[in-house]
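One structure is given below, encoded as structure tokens.
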Amino acid sequence: LVWSGPTTSVVPVRRTEQVLSDLIGCAERRLTMTSFGIFHVPRLVEELERSLERGVLLRIVLGDREAHSDQEIDRQRYQLGRVVAAQAALLQWPPERRPRDEHGHAGLMHVKAAVADSKVAFLTSANLTEAALERNMELGVLIRGGGLPASIDRLIDALVESGELQLV
């Protein structure tokens with residue numbers, strides 16, 4: 001378990017940012033990250049830049065609200081910095097592909113996960129935001145080995161191949 005929040009005797013505190021940093025650092029070939037929001041995470045951006053320098057293929061699935069989609073994607077691109085925004089494959093779930101309820105409200109890409117080389121996966125409640133990494137209570141699970149990390153990568157691959165996720 002990965003827990004960010006008040007210290008308890010049940011779960012040792014291993015901060016979300018530490019786990020993400022370690023996961024980014026261990027990626028050798030491919031790194032997939034998803035987050036509904038990205039805001040003020042300069043240390044993680046530095047880690048992502050280093051992964052790109054090592055030749056890691058980086059893809060990041062961005063979330064947004066349909067009403068402000070373009071502005072939110074642009075804000076997140078800005079938060080990722082010039083290097084990451086230029087070299088990573090940035091993806092989004094296009095508003096026209098999303099299911100809608102009876103009032104016309106579209107679904108959201110609300111997944112928060114990271115996968116390194118289809119071998120290590122981190123599933124978390126935390127967005128890539130300063131609040132999630134420094135102040136919020138967040139819970140996640142780090143999975144090393146087994147078939148789940150590769151399954152998550154294959155899921156993202158399939159969503160790209162089907163057009164559900166598209167480059168921004």
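The values are calculated or read from the model by the stated rules, or taken from the named source; none is laboratory data. Because the structure is predicted, anything quoted here is derived from the model rather than measured. Virtual Cβ from ideal backbone geometry, glycine too; neighbours counted across all protein chains shown. Accessible surface is based on the protein model in full, side chains and every heavy atom, while ligands, DNA and RNA are left aside. Shrake-Rupley method; radii C 1.70, N 1.55, O 1.52, S 1.80 Å.
Of the numbered conditions (1) modelled with pLDDT of 95 or more; (2) within 17 Å of Ile24 (Cα to Cα); (3) not hydroxyl-bearing (Ser, Thr, Tyr), Leu91 satisfies every one except a single condition; which is it?
Among (1) modelled with pLDDT of 95 or more; (2) within 17 Å of Ile24 (Cα to Cα); (3) not hydroxyl-bearing (Ser, Thr, Tyr), the lone unmet condition for Leu91 is (2).
In the range 126-145, which residue that is assigned to a loop (DSSP other than H, G, I, E, B) and over 15 Å from the mean Cα position of the chain (by Cα) is farthest from Leu80 (Cα to Cα)?
Filtering first and then ranking leaves Gly145.
Could you tell me which residue of the range 88-105 is most open to solvent (accessible area, probe 1.4 Å), considering only residues that are outside any strand (DSSP E or B) and not charged (D, E, K, R)?
Step by step, filter the range 88-105, then rank; the result is His103.
Please give the number of the condition Ala114 fails out of (1) under 12 Å from the mean Cα position of the chain (by Cα); (2) farther than 22 Å from Glu47 by Cα; (3) surrounded by 17 or more Cβ atoms within 10 Å (Cβ to Cβ).
Of everything listed in (1) under 12 Å from the mean Cα position of the chain (by Cα); (2) farther than 22 Å from Glu47 by Cα; (3) surrounded by 17 or more Cβ atoms within 10 Å (Cβ to Cβ), Ala114 misses just condition (2).
What is the residue count in the range 1-24 for residues that are touching a residue at least 12 places away in the same chain (Cβ under 8 Å) and over 15 Å from the mean Cα position of the chain (by Cα)?
8
What pairs come up if the first residue lies in the range 106-125 and is under 14 Å from Gly140 (Cβ atoms) and assigned to a strand (DSSP E or B), the second is of a type in the set (Phe, Trp, Tyr) and at pLDDT 95 or above, and their beta carbons are under 9 Å apart, counting only those six or more places apart or on different chains?
Ala113/Phe122; Ala114/Phe122; Val115/Phe122
Return the residues of the range 136-155 that are open to solvent by 70 Å² or more (accessible area, probe 1.4 Å) and touching a Gly at 6+ places or on another chain (Cβ under 9 Å); say none if nothing qualifies.
Once the filter is applied, which keeps residues that are open to solvent by 70 Å² or more (accessible area, probe 1.4 Å) and touching a Gly at 6+ places or on another chain (Cβ under 9 Å), the range 136-155 yields Met137, Leu139.
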